[in-house]
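Here is the structure we will look at, set down as structure tokens.
The values are calculated or read from the model by the stated rules, or taken from the named source; none is laboratory data. Nothing here was measured: the structure is a model prediction, and the numbers come from that model. Cβ placement follows ideal geometry from the backbone for every residue including glycine, while neighbour counts extend to all protein chains displayed.
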Amino acid sequence: MSVTTPTPEPTPEDVSRGLAALEHLLAEEAARRASRPPVMPGETRRVRQLRAEVAEAHALADLQDDDTPLLLDTPKVRKRRKAAHEAARLHALAQDPTMRAWQAARMRRLLITAALVSLTLALAWSTAGVQAFAADDAPAWSPAWVFAWLVEPFLSLALLVIVGARAYTATRGQPITAPALIRIEWLFLALTVGMNAWPYLPLVAEHFSFSRLVLHILGAIVAVAIVTALPIILAAFTGLDHGPLTGPTYRANTGPGRTDITALTAHAQRLIDDGALPAAPSANRIQRTLRCGMDSARAVRDALTEGETR
């Protein structure tokens, strides 16, 4: 025996929802039919497809005429624009006289360092040649042979002192041009070249070899070239015109004048009367408050003290 459950009657809300869903479905179907191109009598399916493609092409052509998407910057364009803006600012900064002066000073320091290192290596290269000249066939490790290794180092140190002094003063715009110092410099260079070349000169060497001669005087030649060229290079750097500098300017330190001290003392007295300064302020307090030099602050303190004792 089967028991059937009676179907409940729909409520008014269920009826309303069903009618609304039916109306929505009918509206979608009507819109779908309206969007379809009208079917002409005798049109086939291929004709309808071609008509739809033509309509789509017209719609795309209308959208392609709008250049708005092309006006937007892509990430790559923004990145390139940022790099170009940075390059333009760096170029403008490089033209600033202060930056040009800094670049010149940096390059000058680099060239001086490279020249002195090269000069040191060149003199070290010639040490072996000078030792062979100074030892004069002395037995190995004998006192004469050992001390012969010290000839070139102390000669090179003396030469480096002169070259370094001339290089430094040239960077300060005051090159040393004393004839005596220049003659001493060339004397050291001539001794270095002569001691390196003498054992290998024609009529001196048992078997003359031009390549061997050049190899032994190479260090001395490099040293002569650096000593000759370095002052010229530094003089050229000193004469560079970077344009008007835009950096901060400085004034020379001047001692406190009586007029300034009088004005500062009067100002300090007004601050004391207003309570901004104590009755007997220290020099440090006066300096911080008046923003003056320590000498002026001491003078103001002494003037205030003298005024109180009167």
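In table form, for the structure just shown:
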| read-out | value |
| --- | --- |
| Cβ pairs under 6 Å, 6+ apart, first in the range 102-126 and farther than 30 Å from ALA197 by Cα and basic (Lys, Arg), second modelled with pLDDT under 90 and surrounded by 13 or more Cβ atoms within 10 Å (Cβ to Cβ) | ARG108/PHE237 |
| Boolean, ASP73 is over 14 Å from the mean Cα position of the chain (by Cα) and surrounded by 10 or more Cβ atoms within 10 Å (Cβ to Cβ) | yes |
| Given (1) part of a loop (DSSP other than H, G, I, E, B); (2) over 30 Å from ASP136 (Cβ atoms), index of the condition PRO202 fails | (2) |
| SER142 vs. criteria surrounded by 15 or more Cβ atoms within 10 Å (Cβ to Cβ) and of a type outside the set (D, E, K, R) | no |
| Selected residue (criterion: surrounded by the most Cβ atoms within 10 Å (Cβ to Cβ)) from residues of the range 87-110 that are over 18 Å from TYR168 (Cβ atoms) and basic (Lys, Arg) | ARG100 |
| Filter result for LEU203 (without any contact (Cβ under 8 Å) to a residue 60 or more places away in the chain, aliphatic (A, V, I, L, M) and either touching a Pro at 6+ places or on another chain (Cβ under 6 Å) or farther than 28 Å from LEU110 by Cβ (or both)) | yes |
| Residue that is in the same structural domain as LEU215 (by TED's automatic domain parsing), of a type outside the set (A, V, I, L, M, F, W, C) and surrounded by 18 or more Cβ atoms within 10 Å (Cβ to Cβ), where the choices are SER156, SER118 | SER156 |
| Of the criteria (1) touching a Leu at 6+ places or on another chain (Cβ under 7 Å); (2) of a type outside the set (Phe, Trp, Tyr); (3) within 19 Å of LEU187 (Cα to Cα), which one ALA115 fails | (3) |
| Single unsatisfied condition, THR192 versus (1) outside any helix (DSSP H, G or I); (2) of a type in the set (Ser, Thr, Tyr); (3) surrounded by 15 or more Cβ atoms within 10 Å (Cβ to Cβ) | (1) |
| Selection count, the range 189-211, where residues are at pLDDT 80 or above and either among the β-branched types (Val, Ile, Thr) or closer than 16 Å to VAL227 by Cβ (or both) | 7 |
| Candidate set from the range 271-310 (those that are β-branched (Val, Ile, Thr) and farther than 13 Å from ASP260 by Cα); member that is surrounded by the most Cβ atoms within 10 Å (Cβ to Cβ) | ILE286 |
| Residue match in the range 169-178 (condition: assigned to a helix (DSSP H, G or I), under 26 Å from ALA104 (Cβ atoms) and without any contact (Cβ under 8 Å) to a residue 60 or more places away in the chain) | yes |
